[in-house]
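Worksheet: one structure, shown below.
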Amino acid sequence: MLDDVKTIVIKIGSAILVDSQTHALREGWLDALAHDLANIEDTRIVLVSSGAIALGRERLKLTSPSLSLAEKQACAAAGQSSLTRAYEDALGQLGIVTAQALLTLNDTEHRRRWLNARSTLETLLGLGAIPIINENDTVATDEIRYGDNDRLAARTAQMIGADLLILLSDIDGLYTADPRENPKANHIPVVTAVTEDILEMGGAPNATAGVGTGGMATKLAAAQIATNAGCDMIICDGRMSGAIAALRNGAKHTFFKATSNPRKARAQWIGGALKPHGILTIDAGALKALNGGSSLLPAGVISVSGEFGKGHSVSVEFNGTEIARGLVSYDMDEADKLKGLQSSKITDVLGYDNGAALIHRDNLVML
Ligand code: GLU
């Protein structure tokens, strides 16, 4: 299964990256992960790593088991740089370039920021780098905070159209009850739908834990996001070195099957879930280009109406009929200035360039 994956997101929890006794980074484990990753061929890889708060606690000598939000944020600030450096060192020695991306809930919930974050990640992946993502804990306040990297990893997987999300955890999958409390709990190898019954097995969120905050509840919330977005998900025990290689060799895990495929899920989101904020009317040449699978270039747009910002959903009309819907790369005023022009003129007219298309093909759905 791992061999057919085009884009994979791997989430690494604090509990497996940072030693619970010494509070030090588990360097040997990280080196083994780097080797595992170097052995994955032809797959775009994104890592979502926790550990900033756990490492920062140690650096700032904040030993109390419960920290205030401000203290956690301070720890994240002190720990994030160590975390990034550790990945840079471990992967760098194998010739892999890493890049740090710190996201907030806003970046994944607001279309414009989503598109921006997405295009940065796509660019990094296109350049062969491995983005290392964490929540921007230092600035995210409680109300706008994920707080756990399970859901952040699922949103990231959705954002880049990943086909597999692996949560490397301190447990080898989902059980009918918490196996640490109930020895009779049964392991569930495959979940084909994240139903109410499945959600109940996750219990309550583990909000008071010292280093990691996830618990099974947030992992199941992540499974809901990922599988609905067309991304399969795996929970496995990542504590031993070489966890990804072990998974390849059949290590115990729970597999959550995607209910759709990434393209279809994205098309549904753009085509159905978003309310259009404006209309771009196109000419026959553009219609032909769109039917042939191209992006919508400014040259084929005759008129622009509505009130929209960059990243908003708009309708594309030909002869009064809506033929497509998509997320625009330019706002209403900019689109109006660009209509009918060659893409090479964009910088002359606007003073900057956000891509040659008004709507990039990846953000466009034919109706
Ligand atoms: N973002 C937090 C950190 O890096 C961890 C969140 C989580 O435990 O999932 O420490």
Taking the range 34-48 and keeping residues over 18 Å from Asp232 (Cβ atoms) and open to solvent by 10 Å² or more (accessible area, probe 1.4 Å) leaves His35, Asp36, Ala38, Asn39, Glu41
Unmet criterion (only one of (1) under 15 Å from Arg361 (Cβ atoms); (2) open to solvent by 30 Å² or more (accessible area, probe 1.4 Å)) for Ile270: (2)
Determine, yes or no, whether Gly340 is modelled with pLDDT under 95 and among the small types (Gly, Ala, Ser). no
The range 38-59, residues that are away from the ligand (no atom under 13 Å from the Cβ) and farther than 18 Å from Gly13 by Cα: Ala38, Asn39, Ile40, Glu41, Asp42, Thr43, Arg44
Qualifying positions in the range 299-310 - crowded, with 21+ Cβ neighbours inside 10 Å and touching a residue at least 24 places away in the same chain (Cβ under 8 Å): Val301, Val304, Phe308
Inside the range 91-200, counting only strands (runs of 3 or more DSSP E) that do not spill past its ends, which hold 3 or more residues that are within 19 Å of Thr218 (Cα to Cα), open to solvent by less than 40 Å² (accessible area, probe 1.4 Å) and in contact (Cβ under 8 Å) with a residue 24 or more places away in the chain? 130-135, 164-169
Exactly one of Leu287, Leu280 is surrounded by 13 or more Cβ atoms within 10 Å (Cβ to Cβ), without any contact (Cβ under 8 Å) to a residue 60 or more places away in the chain, more than 21 Å from the chain's Cα centre (by Cα) and within 27 Å of Leu341 (Cα to Cα), and that one is Leu287
Which one of these is within 16 Å of the ligand (Cβ to nearest atom), of a type in the set (Gly, Ala, Ser), in a helix (DSSP H, G or I) and out of contact with any Cys (no Cβ under 9 Å at 6 or more places or on another chain): Ala34, Ala15? Ala15
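The values are calculated or read from the model by the stated rules, or taken from the named source; none is laboratory data. What you see is a predicted model; the values in this text were computed from it and never measured. Heads up, the Cβs are rebuilt from the backbone with ideal geometry, glycines too, and the neighbour counts pull from every protein chain shown. Note: areas computed on protein heavy atoms with side chains; ligands, DNA, RNA excluded. Shrake-Rupley method; radii C 1.70, N 1.55, O 1.52, S 1.80 Å.
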